[in-house]
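K.L.:
Below: one structure in structure tokens.
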Amino acid sequence: MIRHSMRNKLILFLLIATLVPFITSIVVSYMFTKEKVTEDTVRTNSALISQAKMNLLNYLNGVVQASSTIYTGIHLSELGQLYEILQRQQEIDYMSDKVISSGLQVMSHSIKEIKQIYLYAEVSNRSYLSVNDFSKSVPGKYEKLPPFPEQETVYIETTHESSSYGVPTTIYIAPSPVLSMHRKLMYSPNNTSIGELIIDFQLDLVSEISQSVYTHDEEELYILDEHGRIVFGPDTSKWGLPLEESWGNEATHSKLDKGSYEWSKGAYAGINVYEKMKTDYLDWTIVKRLPYEQLTKNARQLTFINSLILTFFMLIVIAGTIYISIRFTEPIKQLIRYITRIQAGQVQLNQLTTDIELTRTDEMGILANRFHTLLQDLNQMVMREYRLELANKSNQLMALQAQINPHFLNNALQSIGTLALQHEAPKIYTLISSLAKMMHYSMNTNESVVPLRKEIDHIKAYLELQKQRFEHQFEIIYEVEESTKDISVPKMILQPLVENYFKHGFKPSTTATGLLRIEATKYIVGEHDEFLQLIVEDNGVGITEERLREVKNRLNTPFITEAACIGLSNVLTRVRLYFTDDALLEIEHAHPQGLRIVIHIPMKKGAIE
């Protein structure tokens, strides 16, 4: 449509000239806005993470300071006595055991998030557990305690499920995710270990601080330790486990204190903003995941508003473009319509010369005047050619009048037949009558569909002449059911099949008698589908298997040039045109020899009765 239409080309060019700047402006605006919004978002989230980091460190420092009161809180009677008992190099008695339990109770109430406190005293080789105002001690050290890092006296263990440290309790304490602050208790004068203190504290405040930094279901926030284990994350079931995905490696292994990087895999593909939390007792990394969907949300909204405004004005420009294009090309379309009317023969040329109403003085007006002049010249040429054509037609009419009229030939045959009877030659009369019947049947163009009995009578007349020609060297068997004779069929569908027998299958030089069987029956398929079956079978020379396959393949070919297949294809095509596409023509070998052609004609809706 564009290649062959100047109007469409003009519209396309103007639309491109209009749309490209608009679309380019929208794309550039979107890309620039997206970049700026992304930078602002990263900067804002980096500040939020820094604030969360400070809040977390202040809180963790408070926990660490609470554990150090065992040294600094000597002015408190319980804690002071606890430290004195631990640093003695003697067995702890019952009263000392009570003092230790009381000191742990005081420490456990210093911070509300503390769940329980475990203490191991080396001097007596006993373990103490204080939880919910309940204290108890047992001999020995809890065997599953993680080893203390070298050169460290304080560290925080990554999130894990709480346990009773092997100390049996009379009340049920449900396990929950906790962080554990481990402190090695030292005796100052000789710097020797006198025990180990573990404070398990819940993640309520850590979770509260972390959740204030990100939007649930839109962003993700993780706190990872130096080994890539999850201290805090959106899925509580994975706390304390190694991070399965590899997106956190760049943050945890980075040597920078803070930064950001892109990640293009998974549902949270986008930018990861991170900041390190490094102290003497921990090495964590806070990572906030910002998916592109959220990063570009504001940019998309701004671009959408701009697009609506630009689209409104663009529609106005497009409407103006189309109007100008149509207004410019309408005179050309008008000229084309005039030419089309001339080609279709709807009007005479001399009438069109007065129908052109182009009064413009521009290039279109010049074109109209030239077209008007061209029509006048064409009118003169056509009139000259028309007169010449009339003369030629007159000569052709006289030549046709000199030809023999087919009806005259039919009447002449009837006269010759009558003369043969007068001269007592009935055989000649019979043959002439058969020939006249054939000519009358084939020359009658008013009938395209005939009852089957007429088609059978035509075949009988044809075969009567063939019998006389070949001196009764073949026999004919008719098996036509009476109920089929009134069924209407396309005219001349049996003769091509019978004629093929004499062209290709019948060999008069042989001593064997030829046999031709013509059958017409009706049968029912299923409950209601009735079919007419026409069979033409002979005992001729037949065809080879390869030739049979070739004929079957060519039957349904749209264009057939081989004479042997044209007749069969024509019969099948006409049957399907008069009835339905369910009509079928089958070709197969006859037994013991010969060829069998079967036509199946459906009598359902679409058949012509």
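Throughout, read-outs are computed from the coordinates displayed, never taken from laboratory work. Worth saying up front: this structure is predicted, and the values here are computed from it rather than measured. Please note: Cβ atoms are built from the backbone with ideal geometry, for glycine as well, and neighbour counts cover all protein chains shown.
K.L.:
Could you list 455, 219 so that the one with the fewest beta carbons within 10 Å of its beta carbon is first and the one with the most is last? Spell out each step's value before the answer.
P.N.:
On the way: 455 23, 219 19.
Ordered from fewest to most neighbouring Cβ atoms within 10 Å, 455, 219 come out as 219, 455.
K.L.:
Quote to one decimal, in nm, the extra length available between residue 523 and residue 482 on full extension: 0.36 nm per residue of separation minus the C-alpha distance between them.
P.N.:
Details: separation 41, 0.36 × 41 = 14.76 nm, distance 1.36 nm.
Once the chain is fully extended between residue 523 and residue 482, it gains 13.4 nm.
K.L.:
To make sure I understand the rule: partners must be lysines, Cα under 18 Å from the Cα of residue 503, and not fewer than 8 residues away in the same chain. Which ones qualify?
P.N.:
Cross-link targets: 460, 467.
K.L.:
Got a sec? How would 278, 34 order by Cβ neighbour count within 10 Å, fewest to most? Spell out each step's value before the answer.
P.N.:
On the way: 278 12, 34 18.
Neighbour counts put them in this order, fewest first: 278, 34.
K.L.:
Name the residues whose placed amide hydrogens come within less than 5 Å of the amide hydrogen of residue 476, ignoring near sequence neighbours (fewer than 5 apart) on the same chain.
P.N.:
Placed amide hydrogens put 516 under 5 Å from residue 476.
K.L.:
So, one more: From the cross-link list 255/297; 144/255; 522/552; 144/276, which pairs have alpha carbons spaced over 26 Å apart? Numbers along the way, then the final one.
P.N.:
Details: 255/297 31 Å; 144/255 33 Å; 522/552 24 Å; 144/276 30 Å.
Table pairs above 26 Å Cα-Cα are 255/297; 144/255; 144/276.
K.L.:
If you don't mind, there's one more thing I want to ask. In what sequence, highest mean first, do 485-493, 167-175 appear when ranked by Cβ atoms within 10 angstrom? All intermediate terms of the calculation are to be shown ahead of the outcome.
P.N.:
Details: 485-493: 18.3, 167-175: 9.9.
Packing order, densest peptide first, comes out as 485-493, 167-175.
K.L.:
Something else about it: Summarise the long-distance tail of P(r) for region 73-204 by giving the % of C-alpha pairs beyond 23 Å.
P.N.:
Details: 2411 of 8646 pairs.
Of the Cα pairs, 28 percent sit more than 23 Å apart.
K.L.:
Sticking with this one: Subtracting the Cα-Cα distance from 0.36 nm times the residue separation, let me have the gained length for residue 57 to residue 172 in nm, one decimal. Walk me through the numbers on the way to the answer.
P.N.:
Numbers: separation 115, 0.36 × 115 = 41.40 nm, distance 3.20 nm.
Stretched out fully, the residue 57 to residue 172 stretch lengthens by 38.2 nm.
K.L.:
What FRET efficiency do you get for residue 337 and residue 315 if R0 is 25 Å and r is their Cβ-Cβ distance, rounded to the nearest 0.05? Spell out each step's value before the answer.
P.N.:
Numbers: r = 30 Å, r/R0 = 1.20.
Taking R0 as 25 Å, the efficiency between residue 337 and residue 315 is 0.25.
K.L.:
Then there's this: How far apart, in nm, are the 7 Å Cα→Cβ label points at residue 544 and residue 249?
P.N.:
7.2 nm
K.L.:
Let me ask something else. What ranking do 323, 59, 261 get, fewest neighbouring Cβ atoms within 10 angstrom at the top?
P.N.:
Ordered by Cβ neighbours within 10 Å, fewest first: 323, 261, 59.
K.L.:
Say each of residue 327 and residue 236 gets a label point 7 Å from the Cα, pointing the same way as Cα to Cβ; how far apart are those two points in nm?
P.N.:
Computed distance between label sites residue 327 and residue 236 equals 7.2 nm.
K.L.:
Taking 45 Å as R0, compute the FRET efficiency from the Cβ-Cβ separation of residue 582 and residue 44 and round it to 0.05.
P.N.:
Numbers: r = 75 Å, r/R0 = 1.66.
Step by step, r from the Cβ atoms, then E = 0.05.
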